[in-house]
Each structure stands twice: as structure tokens, then as C-alpha cells.
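First comes the structure, then the notes that go with it.
Bear in mind these aren't lab numbers, they're just calculated from the coordinates by the rules spelled out. The structure presented is a predicted model; accordingly, all values stated were derived computationally and were not measured. Here the Cβ positions follow ideal geometry from the backbone for every residue, glycine too, while neighbour counts run over all protein chains shown.
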Amino acid sequence: MMENGKIVTIPAVATIDEIKDEIPNVRTYYLSFDDKAIDGAFTFRSGQFIMLTVFGEGECAISLPPSPEKDRFHITVRSVGKVTRALGGLSAGDKVGVRGPFGNGFPFDEIKGKNVVFVAGGIGLIPLRSSIVHVLQHRKDFGRVILLSGSRTPSDIMYKYNMKEWQENCEAFYTVDNPTPDWTGETGFVHTLIEKAKVPVENTVAFVCGPPVMFNTVNQELMKRGLSDEFIISTLERHMKCGVGKCQHCAVGRTLVCTDGPVYTYRQIKILGEQI
Amino acid sequence: MYLIKKSDVLRLAEELGKTHDLYGPFMEPATKQAMFERVGKAADIDLAAPIPALPPKHALLPHYEKILAYSYDKKTQKVDLAPIYDDRPKALFGVRPCDLTGILCLDRFFLGQEFLDEVYKYHRKNLFIVSQTCVAPFKQCFCVCCDGGPAASEGYDLNLTDLGDTYLVEAGSEKGKKLAEAMGLAAADAKHQAEKTRRIDKCITLFDSVATDNKAWISRVMNRVTTGFIDEAVWEYIGNQCFECGACSFVCPTCSCFNIVDLPRKNGGAHESDRVRTWDSCSYEGYTREAGGHNPRKPVEDRRNKRFFCKLSYSQSKKYLRPGCVGCGRCQWVCPGDIGLPNVVTYIRREIHS
Ligand SMILES: Cc1cc2nc3c(=O)[nH]c(=O)nc-3n(C[C@H](O)[C@H](O)[C@H](O)COP(=O)(O)OP(=O)(O)OC[C@H]3O[C@@H](n4cnc5c(N)ncnc54)[C@H](O)[C@@H]3O)c2cc1C
Ligand code: SF4
Ligand code: SF4
């Protein structure tokens with residue numbers, strides 16, 4: 001049942017239509033809701049997330065990587081623990097549960113006309129994908145669009161099948177920490193690409209997602225060039241139970257990641273004063 | 001306003017017990033502590049029992065509660081989902097004002113934010129609350145400095161005040177009025193109202209001599225907790241004394257953090273599971289630990305200050321429409337580390353860190 005366009009309490013049943021291997025331990029699951037009414041009505045904003053139930057195992061928070069328009073509904077999940085490993089054991093045709101969409105989403109209306117820089121470390125590309133596709137779908141609304149993606153090795157690059165398209169439609173740079181002999185892209189940590197790509201800071205907004213260390217170095221580098229922390233945008237990840245502001249596990253400072261986030265500016269994150 | 005003879009007051013409970021699960025305070029022989037639990041019969045209730053060890057919040061937010069029963073058979077791909085809502089009529093008889101204030105905090109938090117908590121809503125639906133004015137404080141109380149007592153001003157269906165050999169009975173809702181009328185209670189007048197006021201005033205004057213365990217000038221620290229102008233060393237000092245036992249959260253009328261786990265159904269079929277919600281505490285290390293082991297709130301002081309932020313910051317007060325502490329003194333009473341809320345307030349006020 002949906003309330004104000006959201007599945008709040010009881011998960012809606014969805015079928016896994018197809019599973020795609022992304023990188024070791026990470027798979028993309030294409031889903032459709034069994035209830036056709038929900039399938040038609042389910043909409044979301046880039047940056048929002050769902051609570052995914054793996055039946056018999058539990059629930060966890062999962063981002064929505066598809067663009068809200070013209071994209072197959074899917075999630076991309078890394079198997080790390082109880083629920084996500086059990087998901088990894090499911091096959092096409094199996095059922096899962098979905099609640100959501102929850103969270104605030106990225107502020108697209110406020111950034112029209114600006115240069116947009118995406119910086120992703122590893123699977124940080126998962127929460128960013130929706131926005132990347134969205135921005136490229138509305139390419140004319142933005143200035144320069146730059147994508148900087150860092151991965152450990154070439155086989156750790158997420159959404160490889162989108163690489164060609166993204167390189168054609170924006171200034172996309174891929175780097176790896178440990179190259180293989182056949183690697184032709186950049187080498188080194190992702191923050192080194194900021195210089196290489198000549199990332200602008202005037203009229204620019206940066207979306208940065210990745211592990212804490214990468215997040216900090218990238219932000220320092222961007223700020224050194226003169227980008228204000230107000231225009232660095234990220235999503236926070238927290239252990240989360242209910243997704244609707246009641247269990248309080250995801251509290252960061254005076255906010256809750258599930259209802260006030262997961263999208264924050266770097267300035268907000270600093271003011272909230274908690275570790276990433 | 002009505003009157004009921006002291007010897008008759010439990011007739012109200014008896015009447016409520018006919019249509020409700022009846023909860024009330026009583027002395028538990030085994031522990032020699034006052035408890036507030038479901039009782040077998042009205043006569044088990046002891047309105048003179050001291051402030052109960054645990055608040056009645058468990059009637060609305062049980063320690064352990066199944067919220068969804070489901071089954072998923074992979075062979076047939078059949079999924080069945082059955083939410084479990086508990087709207088049994090419950091009557092809480094003899095609730096202390098601090099604990100009633102706690103329930104009002106929970107109401108505002110669970111029913112008044114962006115999302116409404118369906119499970120809580122059902123628990124609340126058929127709840128009947130009979131509160132009682134405290135005519136004397138207990139050793140641990142500091143409700144006067146948190147506006148949590150000693151008299152209830154809202155939120156009750158009926159409120160009782162001990163006037164000696166009678167109770168003044170005030171109705172706070174239509175439901176309450178109906179019951180009082182149906183019981184044929186005698187009318188009270190301005191004289192009885194004045195006697196109630198006198199007894200409340202008397203109670204407040206007794207705090208100095210009786211409620212000697214705890215003093216907390218929470219208004220003196222709310223600003224600092226909100227803005228964060230508190231020396232790190234003070235939080236470290238507080239954190240170092242915490243045993244991470246979670247007791248403070250469990251005894252607090254306003255603490256409501258919960259965990260959710262899906263478990264195979266006990267004695268159930270192979271595909272049957274229950275989604276269970278249980279009490280949780282922000283003092284536990286696992287509370288914020290993420291999959292993969294990363295914990296953004298690893299040091300105990302980073303976790304410990306959260307509790308006091310919830311109780312004392314303006315930001316959290318916005319959710320409760322009042323401070324998150326009602327002044328019951330229970331956390332101070334149970335904390336093995338001696339860092340109940342009143343002590344923490346003192347440490348912050350005096351910047352004590354060693
Ligand atoms: C907004 C948001 C978006 C996210 N998006 C994605 C995404 O798109 N893709 C992705 O792969 N990941 C994403 N994550 C991370 C994902 O939610 C976690 O990887 C997932 O919760 C792991 O669950 P698990 O059961 O597999 O891991 P586990 O660590 O086994 O389980 C975590 C669960 O187990 C229990 N648990 C484990 N340890 C403890 C403990 N010490 N104390 C108490 N309980 C414990 C808890 O119930 C906890 O929820 C996102 C997280 C957030 C907050
Ligand atoms: S009761 Fe005291 S020791 Fe136990 S978790 Fe609370 S503050 Fe820490
Ligand atoms: S913080 Fe302590 S004193 Fe205040 S309401 Fe909670 S348990 Fe009672």
C-alpha cells in the first residue's frame with residue numbers, strides 16, 4: 001500500500017527480473033513490483049533510497065541508481081553482511097520486498113546552469129549513477145559536466161557498460177590505483193584527476209561519494225582550488241533500521257540520514273560535527 | 001470534577017478492567033520494587049506504591065514485539081505478508097505525571113513527525129490513561145526542573161489527586177468524563193480544587209528536604225548542549241564512566257530507539273519468519289556499526305553524548321515540544337557508572353572533567 005507515493009510500513013513484493021555481475025561481490029538486480037498499480041506509481045528522485053527486504057534475513061538501506069526517467073528500475077548491491085550476502089544468493093525470478101522511496105534526494109532545481117562535477121570512489125558510483133544519467137538526459141541544462149571515477153583495479157570499475165556512453169557525453173576520466181598491463185586510462189588516486197581535468201570552481205557544484213578517506217582528500221583538494229564547501233554535495237551512509245525517522249540509528253548530529261539526508265552538503269556535514 | 005472515596009478508588013480500575021487490559025503499580029514481593037505492569041485484578045493495584053522501577057512505556061513500545069509475520073516459499077514464489085498490530089484496549093491506572101509526560105513525548109515523536117509509526121498508532125488507539133498527582137516527591141525526583149510533574153496538566157483521560165480520605169477525579173477527555181458519569185461519582189467543587197493546589201504546592205516545597213538525590217538545572221545546559229560549546233574533556237570524562245550497559249535507555253520514559261531483526265518463526269514452517277522490533281540503546285557499540293565493521297561513533301564518549309543531546313538539546317525538544325527529560329531520576333538510579341542525567345548536567349555546568 002502506498003501513502004503519499006511511498007511504501008512506508010509493509011514491504012511491497014518485487015521480482016528480480018535479471019541479475020548482472022558488476023565487479024567482484026557487487027551485482028545489479030533489475031526489479032519490478034508484482035502489484036502493477038505500484039509498478040506504475042512508484043517514482044523517486046535521484047539520491048533517494050529504498051529499504052530492501054530479503055525474506056527470511058532482514059532489511060537494509062539501498063540507493064536507487066537508475067535515473068527517475070527512462071531507465072530500468074534496479075539496485076546495485078555489494079555483498080558484505082547478513083542481508084546483502086543472502087541477496088547475492090538469490091536468482092532471477094526470486095522475490096524481495098521494497099519500502100520507500102525515502103530521503104531527500106539531490107537538489108537538481110538549485111543547480112541548473114552550473115558546471116557539474118561527479119567524483120566517485122569505488123562503489124560510491126552507485127548513489128551517483130542516478131544523477132549522472134539524469135544530468136546527461138538533461139545535458140543542455142548544465143555547463144561543463146565532468147565525471148571522475150577512481151577504482152582499485154580495472155576489474156573494480158562500476159557500470160563498465162555505461163563507460164563508453166558517459167565518455168562520449170561528458171568529460172569522463174577513469175583512474176585505477178593498481179593498473180593491469182592492458183589498462184589505458186589514468187593511474188593514481190581519484191583526487192589527482194581534479195587537476196588533470198582542470199575542474200572549474202566558478203559556478204560549479206561537485207557530487208562526491210566514496211569511502212571516508214577518499215571523501216576527505218577529494219574535498220580538501222576541491223576546496224584548495226576554491227570551491228566552497230556549500231557546493232560539495234554527498235550522501236552519508238549509516239546503519240539504518242526503519243528508514244522513516246523512528247529507530248534513530250542513523251542520527252548524525254541533530255539530523256537523521258533517513259529523513260533529513262542522505263544528501264548533505266559538505267558544509268552541513270562539518271557543522272554536524274560527526275565522523276563520516 | 002468529581003470525588004471518589006479512597007476505599008472506592010479501585011472500583012474505577014475494576015470498571016476499566018472489564019473492557020481493558022489493566023495495568024497499574026504494585027509492590028513486587030520478589031524484588032521489593034514497585035512495578036508498573038499488567039495486573040490480574042484491580043485489587044492488585046497499589047496507588048501508594050512509589051515511582052515504579054520501569055515506566056509504563058512498555059505498554060506502547062514493548063521490549064520485544066513482532067510487527068510483521070511473513071512467509072516466502074521459493075519453490076512456488078509465493079509471498080505472504082501479515083502485519084501485526086496490537087490495538088487491544090489497555091488502561092494504565094495510576095500513572096505518575098513524569099511518566100505521562102513521557103508518553104506525550106512518545107506520542108509527538110511517533111505520531112507527529114514526517115512519518116507516522118503505524119505500530120505505535122495501534123497501541124495508542126484504545127489506550128485509557130488514569131494519572132495521579134504526586135503529593136510528595138521521592139528521593140530521586142527532579143520533575144520540577146523539567147516541567148514533568150508533580151501534577152499532570154494534559155494527556156490523561158482521568159486524573160486522581162489524593163485529598164486525604166477522598167480522591168479528586170478530573171476528566172481530561174470525553175472518554176474520561178463518560179466513565180466518571182457512568183460510575184455516578186459525586187461532584188467536586190472549588191474547595192476541592194483549592195485543596196489540590198495546596199497539596200501540589202506542599203509537594204513542591206518538599207523537594208528540598210525529600211528529593212535529595214538529584215538536582216539538575218537543565219535550563220542551564222540546554223543552550224550549551226545544543227550549540228556544542230562543551231569541552232571535549234568533559235564528554236571524555238563522562239564517556240569513560242559508561243559501562244555501555246544500556247540501562248539508562250531502558251528505564252527512561254522517553255527513550256524509544258529500537259532495533260529490527262527478521263527471525264525464523266519459532267515452531268513455524270520452513271519458510272516462515274517474523275519481523276521483530278526490540279528496544280535498543282545508543283550506548284551500545286553495535287548501534288552505529290555499519291556492515292563491514294566501520295563505525296562512525298566508535299569512541300564511547302561519541303556515543304554517550306548522544307543520549308544527552310536527545311534529552312537536552314533544543315533541536316530534539318522540537319520533536320517532543322518540550323525537553324526530552326521528564327525528571328524521573330531513573331537513569332541516575334540505575335547507572336552503575338554514576339552518570340545519570342542529573343550528574344551529567346552537573347559535570348557540564350561546572351565543567352568537571354577529572
Ligand atoms: C542511504 C543508504 C544507501 C545505501 N546504498 C547502498 C547501495 O546502493 N548498495 C550497497 O551495496 N549498499 C548500500 N548501503 C549500505 C547497505 O545498507 C549495507 O551494506 C547493508 O545494510 C548491509 O547489511 P547486511 O545485513 O548485509 O550487513 P550486516 O553487517 O551483516 O548486517 C547489518 C545488520 O546486521 C545487524 N548487525 C550487524 N552487526 C551488528 C551489531 N554489532 N549490533 C547490532 N546489530 C548488528 C543489524 O541488524 C544490521 O542492520 C546504503 C546504506 C545507506 C544508509
Ligand atoms: S546506565 Fe550508565 S553505564 Fe549504563 S549505558 Fe547508561 S550511562 Fe552507560
Ligand atoms: S533522562 Fe533519566 S531522569 Fe530524565 S526522563 Fe530519562 S530516565 Fe528519567
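Observations on the structure shown:
- Peptides B:241-249, B:264-272, ordered by how many other C-beta atoms sit within 10 Å of their residues on average, highest first, read B:241-249, B:264-272.
- Average beta-carbon neighbours from other chains, 10 Å sphere, peptide A:92-101: 2
- C-alpha center-to-center spacing [region B:162-238, region A:229-276] in angstrom: 36
- Over the protein assembly as shown: helical MRE at 222 nm, DSSP H runs n ≥ 4 each giving -39500 (n - 2.57), nearest 500: -8500 deg cm²/dmol
- Take each residue of peptide B:302-309, count the partner chain Cβ atoms within 10 Å of its Cβ, and average: the result is 1.
- Annotation for residue A:155 and residue A:80: the two label points, set 7 Å from Cα along the Cα-Cβ direction, are 2.2 nm apart.
- Full-stretch length increase - residue A:92, residue A:4 - with 0.36 nm per residue and alpha-carbon distance subtracted: 28.7 nm
- The alpha carbon centroids of region B:54-95 and region A:153-194 are separated by 49 Å.
- Descending by average beta-carbon neighbour count within 10 Å, the peptides B:289-302, A:243-256 line up as A:243-256, B:289-302, the highest first.
- Isolated Cys in chain A, by beta carbon distance under 4.7 Å: A:60, A:170, A:209, A:250, A:258
- With Cα atoms, 0 to 90° folded angle of helix A:212-224 axis to chain A main axis: 40
- Annotation: the antiparallel percentage among DSSP beta bridges lying fully within the protein assembly as shown is about 70.
- Antiparallel bridges, percent of DSSP beta bridges restricted to chain B (to nearest 5): 75
- With a 10 Å cut-off around each Cβ of A:243-255, the average count of Cβ atoms from other chains is 6.
- Comparing B:257, B:328, B:149 along the charge dipole axis of chain B, the residue lying farthest to the positive side is B:257, per the Cβ-charge model.
- Fraction of antiparallel bridges per DSSP, chain A only, in percent to nearest 5: 60
- Exceeding the 24 Å Cα-Cα cut-off - candidates B:6/B:178; A:140/A:164; A:246/B:178: A:246/B:178
- Distance (nanometres) between label positions extended 7 Å along Cα→Cβ at residue B:354 and residue A:224: 3.8
- Using a Förster distance of 45 Å, the FRET efficiency for residue B:223-residue B:21 (Cβ separation, nearest 0.05): 0.60
- Relative contact order computed over region A:109-235 (Cα-Cα under 8 Å; 6+ residues apart), in percent: 30
- Cross-link table A:270/B:306; B:66/B:319; A:36/A:241, entries beyond 19 Å C-alpha to C-alpha: B:66/B:319; A:36/A:241
- With contacts taken as Cα pairs under 8 Å at a separation of at least 6 residues, chain A carries a relative contact order of 17 percent.
- Distance between region A:33-61 and region A:205-219 - C-alpha centres, whole angstrom: 27
- Loop-located GluC sites (Glu not before Pro) in region B:110-209 (DSSP state other than H, G, I, E, B) with a sparse environment of at most 15 neighbouring Cβ atoms within 10 Å: B:114, B:154.
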